[in-house]
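Novice: Please see the structure below; I have some questions.
Computed from the coordinates by the stated procedures, all read-outs in this text should not be read as laboratory data. A quick note: this is a predicted structure, and the numbers were derived from the prediction, not measured. Glycine also receives a Cβ, built like all others from the backbone with ideal geometry; neighbour counts cover every protein chain displayed.
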């Protein structure tokens, strides 16, 4: 059988009526390729977006995203032109948008803010499009205010239920809270990008928007909430509060801060829900270190946003550094051994760097994991009548408690999950810079 790249090359040449000059895999966890095709004496740069190959999407199928991109282009939004869809391997063949996403590459702060504001202008324009434009992609308008507020939660619920393999006390707690607290006064339903803040720029100008696989019809305020989580690990170029005020000025619509926090929590929660299945059965599919980091990041964002809604202060910091354990030498040798493995391609180097980071992380867990476990047991003792003997029993007992607990227990439960998570983050010392930097910035409207 022909290789994936060979099959893709054959399809692209037939689609474009030209000759593929280059096809290079993008060095990242998800399959994607950069290609150049010679057509009628001109070189056409392409970007080929592949499937995640992971059961972690509420709207599976790249053909849906291709349909959305076509509708957005017809609506005047700056998205890449779609040339076609390759069925084997599943890929969207699209125009390659020039530019970069890293706003640190902009000339100065003024240019960064200008780029961010241009993105918000596109976002406001998207929200003004008629939802009927997206009917070909299967997007449906929520039936009522409750469905509008819970649109993305409801879309992710079947995925979560299908992939659930063990108790998930935090997710069940957050889901119960979200369904009890959903705002009932949010009636406007618009096309929303959902995973917002993804754009490219060059020479101080926005060049295009990308990644619409999670897009759906819902409350436009949910898109603004998602910007907060994006800014934590991929800065937008301007202060989030400024961008929210700029959006309100463009649209003439005031932003409800409580609803903004609610949508921040629910958007982050859907990522935790989507990852819970794959992370519960790692033997069933290849996983990346990035999934572990995303799980931490999105759990933290969910907890902090829920705390905003409850007007609750969440402690951070986690367990103190531990003494170097006797077995530390094993992890040091493991790290050195992995570092010496040959890596000929960018993907090889990416995987080797991840393996080194995981070796360091494992050593840190060995050094202080027991102390964190004791802190968690003490917190559980304050919630439950008895303390289970191991973590699996603890998760089961806590989930059963969560399912029966009333709102009067919400603050205590949130504090418990916050302590548990912050200890886990503190144990990942080698990843501290990435994880500590992921925090929700306070919003001033």
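Novice: Quick check: the distance between the Cα centres of the range 259-305 and the range 63-86, to the nearest angstrom?
Specialist: 28
Novice: At 7 Å along Cα-to-Cβ for each site, give me the label-to-label distance between residue 185 and residue 104 in nm.
Specialist: The modelled label-to-label distance comes out at 4.2 nm.
Novice: Classify the chain as rounded, prolate or oblate from the Cα gyration tensor: take a ≥ b ≥ c as the square roots of its eigenvalues, call it rounded if a/c is under 1.5, otherwise prolate when a/b beats b/c and oblate if not.
Specialist: Numbers: a/c = 1.75, a/b = 1.24, b/c = 1.41.
In terms of gyration-tensor shape, oblate.
Novice: Quick check: residue separation of residue 144 and residue 404 times 0.36 nm, minus the Cα distance between them. What number comes out in nm? Spell out each step's value before the answer.
Specialist: On the way: separation 260, 0.36 × 260 = 93.60 nm, distance 2.78 nm.
Gain on stretching residue 144 to residue 404: 90.8 nm.
Novice: For the range 4-95, what class follows from the C-alpha gyration tensor (a ≥ b ≥ c being the square roots of its eigenvalues): rounded when a/c is under 1.5, otherwise prolate if a/b is larger than b/c, else oblate?
Specialist: Values: a/c = 1.94, a/b = 1.22, b/c = 1.60.
It comes out oblate by the Cα gyration axes.
Novice: How long is the gain from residue 362 to residue 25 if the chain were fully straight, where each residue apart is worth 0.36 nm and the alpha carbon distance is subtracted? Could the numbers behind the result be given before it?
Specialist: Numbers: separation 337, 0.36 × 337 = 121.32 nm, distance 2.98 nm.
Additional length available on full extension: 118.3 nm.
Novice: Additional query: For 294, 177, 258, which order do you get if you count the other beta carbons within 10 Å of each Cβ and list the fewest first? Don't skip to the end; give the middle numbers.
Specialist: Details: 294 19, 177 23, 258 12.
The most exposed by this proxy come first: 258, 294, 177.
Novice: Let me ask another. Normalising by the residue count of the range 168-224, find the relative contact order in percent from Cα pairs under 8 Å and 6+ residues apart. Intermediate values should be presented prior to the final figure.
Specialist: Numbers: 58 pairs, mean separation 21.8, N = 57.
Value for the range 168-224: 38 percent.
Novice: Which of 83, 262, 191 has the fewest other C-beta atoms within 10 Å, and how do the rest follow up to the most?
Specialist: On the way: 83 18, 262 26, 191 29.
Least to most surrounded, the residues fall as 83, 262, 191.
Novice: Please say if the range 109-186 is rounded, prolate or oblate, where rounded means a/c under 1.5 for a ≥ b ≥ c the square roots of the C-alpha gyration tensor eigenvalues, and otherwise the choice is prolate for a/b larger than b/c and oblate otherwise? Write out the running numbers ahead of the final one.
Specialist: Working: a/c = 2.12, a/b = 1.57, b/c = 1.35.
Since a/c reaches 1.5 and a/b is larger than b/c, the shape of the range 109-186 is classed as prolate.
Novice: Given only helices, namely DSSP H runs of n ≥ 4 each adding -39500 (n - 2.57), what is the per-residue ellipticity at 222 nm of the chain, to the nearest 500 deg cm²/dmol?
Specialist: -17500 deg cm²/dmol
Novice: Once you put a point 7 Å from the Cα of residue 311 and another 7 Å from the Cα of residue 432, both along the Cβ direction, what distance in nm separates them?
Specialist: That separation, rounded to one decimal, is 3.5 nm.
Novice: Okay, next question. Please rank 34, 417, fewest neighbouring Cβ atoms within 10 Å first, as an exposure proxy. Walk me through the numbers before you get to the answer.
Specialist: On the way: 34 14, 417 21.
So the ranking, lowest neighbour count to highest, is 34, 417.
Novice: Once you've got the GNM for the chain with C-alpha springs shorter than 10 Å, pick whichever of 169, 220, 315 has the biggest mean-square fluctuation.
Specialist: 315
Novice: Let me check against my output: what whole-number percent is the relative contact order of the chain, with C-alpha pairs under 8 Å and at least 6 apart? Don't skip to the answer; put the middle values down first.
Specialist: Details: 683 pairs, mean separation 70.4, N = 445.
Here the relative contact order equals 16 percent.
Novice: Another question, then. In a Gaussian network model over the chain where Cα atoms closer than 10 Å are linked, find which of 97, 337, 266 has the largest mean-square fluctuation.
Specialist: 337
Novice: Next up: Distance in nm between label sites at residue 326 and residue 249, each 7 Å beyond Cα in the beta-carbon direction?
Specialist: Placing both labels 7 Å beyond Cα along the Cβ direction yields 6.5 nm.
Novice: Sticking with this structure for a sec: Looking at the chain as a GNM with Cα springs under 10 Å, which of 382, 70, 340 has the largest mean-square fluctuation?
Specialist: Ranking 382, 70, 340 by mean-square fluctuation puts 340 first.
Novice: Out of all DSSP beta bridges in the range 4-95, what portion is antiparallel? Express it as a percent rounded to 5.
Specialist: Numbers: 24 of 24 bridges.
Restricted to the range 4-95, the bridges split so that about 100 percent are antiparallel.
Novice: How many angstrom lie between the Cα centre of the range 198-237 and the Cα centre of the range 139-161?
Specialist: That distance is 21 Å.
Novice: Which whole-angstrom value gives the distance between the alpha carbon centres of the range 1-29 and the range 331-389?
Specialist: The range 1-29 and the range 331-389 have Cα centres spaced 38 Å from each other.
Novice: Give me the extension gain from residue 15 to residue 121: residue separation times 0.36 nm, minus the current Cα-Cα distance, reported in nm with one decimal.
Specialist: Working: separation 106, 0.36 × 106 = 38.16 nm, distance 3.37 nm.
Taking 0.36 nm per residue and subtracting the Cα distance, the gain is 34.8 nm.
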